[in-house]
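Worksheet: the structure to be examined is printed underneath.
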């Protein structure tokens with residue numbers, strides 16, 4: 001089942017949230033989800049992976065920066081032989097930007 005993540009579930013009253021996320025090789029993909037009310041900037045710090053977005057799959061390598069919009073369906077995965085490490089920074093969408101499409 002697809003999850004719709006909400007900003008307040010991650011920011012806990014703060015104006016933004018930042019996290020470093022490591023996806024080890026040979027692990028399960030992250031869950032397919034949407035962002036109900038925030039943008040996410042993801043910078044790939046090391047490794048290689050794949051990022052599924054609404055429009056298709058993109059290869060990820062260290063140095064890539066990805067913007068995920070509030071209505072995008074998204075999931076990430078490390079490549080089989082390589083860990084992937086990224087830094088994410090969700091920021092709330094302005095009123096009217098969040099969409100259920």
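Data table
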quantity	calculated
Residue within the stretch 2-22 that is crowded, with 16+ Cβ neighbours inside 10 Å, under 22 Å from residue 79 (Cα atoms) and in contact (Cβ under 8 Å) with a residue 24 or more places away in the chain present	no
Residues (within 14 Å of the chain's Cα centre (by Cα) and at pLDDT below 70) located in the stretch 47-101	84, 85, 86, 87, 88, 89, 90
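The values are calculated or read from the model by the stated rules, or taken from the named source; none is laboratory data. Everything numeric in this text was worked out from a predicted model, so none of it was measured. Virtual Cβ from ideal backbone geometry, glycine too; neighbours counted across all protein chains shown.
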